[in-house]
Amino acid sequence: IPAMRGDLVSRPVGEVMREAEALVASGVKELLVISQDTSAYGVDVKYRTGFWAGRPLRTRMKELCAALGSLRTSEGEQVWVRLHYVYPYPHVDEVIELMAEGGVLPYIDVPFQHASPRILKLMKRPASGESNLERIRAWRRICPELTIRSTFIAGFPGETAEEFQQLLDFIEESELDRVGCFAYSPVEGAAANALPDALPQAEREARQARFMQLQSRVSARRLKARVGSVQQVLIDRSEEH
């Protein structure tokens, strides 16, 4: 919806819905909503009202998710709607409520990136580690079935041993379901290249490895809690072995 690069530009809500309808009509059973900041959908157009299927529809995240969640396959099954790159702004709580009601899949991809307020500020990322923890707990109170995926960066320029430990503590406390972690690497043209106190590559990679070792234990703990339950799944393909 908003573009992946440059200024956030929201696609017309009717256009998004017509594309989604065409995908479902072709046999698609799962829709992935992906943008640079899905939670900012409609901000640039002041949440103006568009039209879909002859009725008004606001250019806003919750309204879009509700409309996508109303789509059905040719067999009458609800289409899975999976949300990516959602920042933890307060209004996202409304979408979590929609998940709790069965409107969309209880899954959200939130690029937290780090837990240290100072590092997050250097990354030019919103929120802080503590407020993010509070929001995660609030989301799980609203929707206990919620699955949270995220990505992080270890070894950002200037990251102290204490700040890295803060990140590990966040991972332990937040109990995110699925997580990826990148060792920081310079990107051409990035402002972070000019930051002082860059860490050696070996240290960046060592921190990434420590992070993923911890997260693998957290993920295993989360999955173990589902043992004995019945889960609905989508099968991409079947193969003989």
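The values are calculated or read from the model by the stated rules, or taken from the named source; none is laboratory data. Since we're looking at a predicted model, the values are computed, not measured. We place every Cβ from the backbone using ideal geometry, glycine too, and count neighbours over all the protein chains shown. With ligands, DNA and RNA removed, areas are computed over all heavy atoms of the protein, side chains included. Shrake-Rupley method; radii C 1.70, N 1.55, O 1.52, S 1.80 Å.
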Checklist line | Fraction of accessible area attributable to carbon and sulfur, region 115-241 (%, probe 1.4 Å) | finding: 52
Checklist line | Dipole-positive endmost among Gln208, Pro196, Val179 within region 162-223 (Cβ charges, Cα centre) | finding: Val179
Check: Of the accessible area of region 12-73, with the probe set at 1.4 angstrom, what percent is carbon plus sulfur?
Finding: 56
Note to self: Given the whole protein assembly as supplied and a 1.4 Å probe, what does the accessible area of Glu239 come to in Å², nearest 10?
What the structure shows: 110
Next item on the list: Hey, can you find the accessible area per residue of the chain for me, probe 1.4 Å, expressed in square angstrom?
Entry: 55
Checklist line | Reported label for calculated Rg and Dmax of the Cα atoms in Å given [x] 19.5, 58; [y] 17.3, 52; [z] 19.2, 63 | finding: [x]
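Hey, which of these cross-link pairs are over 31 Å Cα-Cα: Lys46/Lys124; Lys124/Lys224; Lys46/Lys121?
Check vs 31 Å cut-off fails for Lys124/Lys224.
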Notebook entry, point to check: For region 78-219, what number results from the quotient of the Cα radius of gyration and 2.2 N^0.38 Å?
Noted result: 1.09
Notebook entry, point to check: HN-Hα J couplings of region 39-56 from phi, Karplus 6.51/-1.76/1.60, θ = phi - 60°, integer Hz, Gly and Pro as x?
Noted result: 5, 9, 4, x, 4, 5, 10, 6, 6, 4, 7, x, 9, 8, 6, x, 10, x
Next item on the list: Compute the length gained on full extension between Ala53 and Ser185: take 0.36 nm times their separation in residues and subtract their Cα-Cα distance, giving the result in nm to one decimal.
Entry: 42.9 nm
Check: What number, rounded to the nearest 500 deg cm²/dmol, is the helix-based mean residue ellipticity at 222 nm of the chain, given -39500 (n - 2.57) per DSSP H run of at least four residues and division by all its residues?
Finding: -11500 deg cm²/dmol
Note to self: Please list, ordered by chain and number, the residues whose modelled amide H lies under 5 Å from the amide H of Glu175; skip anything fewer than 5 residues away on the same chain.
What the structure shows: none
Next item on the list: Can you send over the solvent-accessible area of Ser219, 1.4 Å probe, protein chains only, in Å² to the nearest 10?
Entry: 20
Checklist line | Distance (nanometres) between label positions extended 7 Å along Cα→Cβ at Glu134 and Lys29 | finding: 4.1
Margin query: Between region 12-77 and region 200-226, what is the separation of their alpha carbon centroids in Å?
Written below: 35
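Quick one: if the Förster radius is 51 Å, what FRET efficiency do Arg217 and Arg18 give, using the C-beta to C-beta distance and rounding to 0.05?
Efficiency computed from Cβ-Cβ geometry: 0.70.
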